[in-house]
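The values are calculated or read from the model by the stated rules, or taken from the named source; none is laboratory data. Values in this document were obtained by computation on a predicted structure and should not be read as measured data. As a convention, Cβ positions derive from the backbone with ideal geometry for all residues, glycine included, and neighbour counts pool all protein chains shown.
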Amino acid sequence: MAGIQSPLSADWSDTLLKQASAIRLIAFDVDGIMSDGRLYFSANGDELKAFNILDGLGLKQLMAAGITVAVITGRRSPLTEKRMGDLGIDLLMQGREDKKVALQEILATRDLPHEAIAYMGDDLPDLPAIRFAGLGITVPNGYWLVREHADYCTQAAGGRGAVREVADLLLTAQGKLESTLAPYLEPTP
């Protein structure tokens with residue numbers, strides 16, 4: 001199993017890997033990052049969202065590797081609360097358009113410099129948090145100005161594995177990817 005790397009790692013610069021190696025907490029937006037950004041409503045007005053299962057396992061891998069995961073979203077959604085609960089994510093802040101302030105509130109409860117945090121978002125309310133974080137991340141379907149200011153733009157689109165790509169980036173940079181994959185690569189009888 002020696003030398004397992006994400007196929008994307010060849011495209012990651014030394015600067016990006018250095019930034020990613022320092023991350024101890026990552027916060028994510030939901031709509032446009034964990035979902036495709038579209039809002040679906042039933043005839044009864046019930047909200048529906050699709051979350052990518054690959055992203056969910058990536059979030060669990062991050063937490064298992066000791067990286068704190070937080071979610072800061074501008075909308076309030078019982079679906080988001082359920083999904084984050086299912087994943088074991090306790091740091092959930094809903095109804096927050098002031099993403100940088102919310103991120104600073106999280107940091108006030110931890111002994112971390114801003115260089116040790118990452119933030120991943122896709123639209124203007126995310127921009128101040130992206131610029132504040134030690135590693136600002138967005139997606140190719142994010143707003144152009146956000147892409148311009150982010151340290152990294154994923155290859156995968158929001159809701160289509162972008163969170164998993166970032167999990168692989170952080171785990172690779174910290175030398176933890178191989179250990180998070182080991183249980184799935186145990187020899188078969």
Select, from VAL146, VAL101, the only residue that is in a helix (DSSP H, G or I) and in contact with an Asp or Glu (Cβ under 8 Å, 6 or more places away or on another chain). VAL146
For the range 34-72, enumerate the residues that are out of contact with any Gly (no Cβ under 8 Å at 6 or more places or on another chain), in a loop (DSSP other than H, G, I, E, B) and either hydroxyl-bearing (Ser, Thr, Tyr) or within 18 Å of ALA102 (Cβ to Cβ) (or both). SER42
Among the residues of the range 156-181, what is the count of those that are under 19 Å from PHE51 (Cβ atoms) and either modelled with pLDDT under 95 or in a loop (DSSP other than H, G, I, E, B) (or both)? 6
Please tell me if GLN104 is farther than 25 Å from SER9 by Cβ and of a type in the set (S, T, N, Q). yes
When you go through (1) among the charged types (D, E, K, R); (2) within 21 Å of GLY142 (Cβ to Cβ); (3) over 15 Å from the mean Cα position of the chain (by Cα) one by one for ASP31, which number turns out not to apply? (3)
Of all residues in the range 104-143, which are within 27 Å of PRO7 (Cα to Cα), part of a helix (DSSP H, G or I) and in contact (Cβ under 8 Å) with a residue 40 or more places away in the chain? GLU115, ALA116
Here are PRO183, PRO140: which of them is out of contact with any Lys or Arg (no Cβ under 6 Å at 6 or more places or on another chain), farther than 24 Å from GLU115 by Cα and not hydrophobic (A, V, I, L, M, F, W, C)? PRO183
